[in-house]
Amino acid sequence: MKNRAARIALALLALISIAGSEIALVARADDGKKRRVELKSVKVHGVDLQKRTADATVSVEIANPLGGFRIKDVKYRLKVNGEQAAEGKYISEIRVPEGATVIIDVPLTVSLAALPAIGWNTLTDGFMLRYEIETEFTVPVFMFITRKVKANFTGEMPVKNLLSALPGKVKVQPSNKP
């Protein structure tokens with residue numbers, strides 16, 4: 001039973017990985033450059049069958065050809081085919097210098113309880129995965145002045161694209177807990 005739950009969690013994390021790799025921020029400079037956010041890997045740390053959750057870490061690469069920026073108190077939520085599939089928060093400040101690429105590891109809690117509904121909705125939607133990533137973060141402006149920003153990213157992807165991209169996108173880290 002534990003192995004089956006781990007495989008199901010891994011499949012959902014693969015979806016998160018592939019869906020996230022399609023995200024690009026819209027901030028552009030006059031020369032056409034833009035900031036890019038790409039999911040690099042997903043590591044499953046453990047599955048809690050009583051809570052019906054899986055804990056994971058997502059490595060995100062931020063390429064920034066534009067001016068440097070800082071954000072903090074990042075909260076994020078993933079919905080797949082209308083069901084909340086995962087959420088997390090990253091409280092530490094993220095600094096991305098001008099012209100740099102930064103990789104950060106953010107925690108993620110996956111809801112295993114949402115998997116049956118996601119599977120059914122995927123079947124009834126013609127094997128199409130529709131995802132929405134909701135984010136909220138704070139931008140320090142000056143001294144004690146901050147600004148809360150909310151952004152949503154949406155998209156869709158045929159299941160066949162998920163299956164063809166699976167092998168290189170997901171890494172599983174076995175837990176040392178009994």
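Of everything in the range 110-158, what is in a strand (DSSP E or B) and hydroxyl-bearing (Ser, Thr, Tyr)? Give them in sequence order.
Filtering the range 110-158 for residues in a strand (DSSP E or B) gives 110-111, 128-142, 145-158.
Correct list: 111, 131, 135, 138, 146, 154.
Of the residues that sit in the range 80-108 and are surrounded by 18 or more Cβ atoms within 10 Å (Cβ to Cβ) and out of contact with any Ser or Thr (no Cβ under 9 Å at 6 or more places or on another chain), which one is farthest from residue 37 (Cα to Cα)?
Of everything passing the filter in the range 80-108, 90 is farthest from residue 37 (Cα to Cα).
Results for (1) farther than 25 Å from residue 154 by Cβ; (2) part of a strand (DSSP E or B); (3) at pLDDT 85 or above, shown as yes or no for each residue.
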{"position": "24", "(1), (2), (3)": "no, no, no"}
{"position": "32", "(1), (2), (3)": "no, no, no"}
{"position": "37", "(1), (2), (3)": "no, yes, no"}
{"position": "43", "(1), (2), (3)": "yes, yes, no"}
{"position": "58", "(1), (2), (3)": "no, yes, no"}
{"position": "74", "(1), (2), (3)": "no, yes, yes"}
{"position": "88", "(1), (2), (3)": "no, yes, yes"}
{"position": "103", "(1), (2), (3)": "no, yes, yes"}
{"position": "108", "(1), (2), (3)": "no, yes, yes"}
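The values are calculated or read from the model by the stated rules, or taken from the named source; none is laboratory data. Predicted model, so just to flag it, every value in this text is computed and none were measured. When we count neighbours, we look across all protein chains shown, and the Cβ atoms used for this are built from the backbone with ideal geometry, even at glycine.
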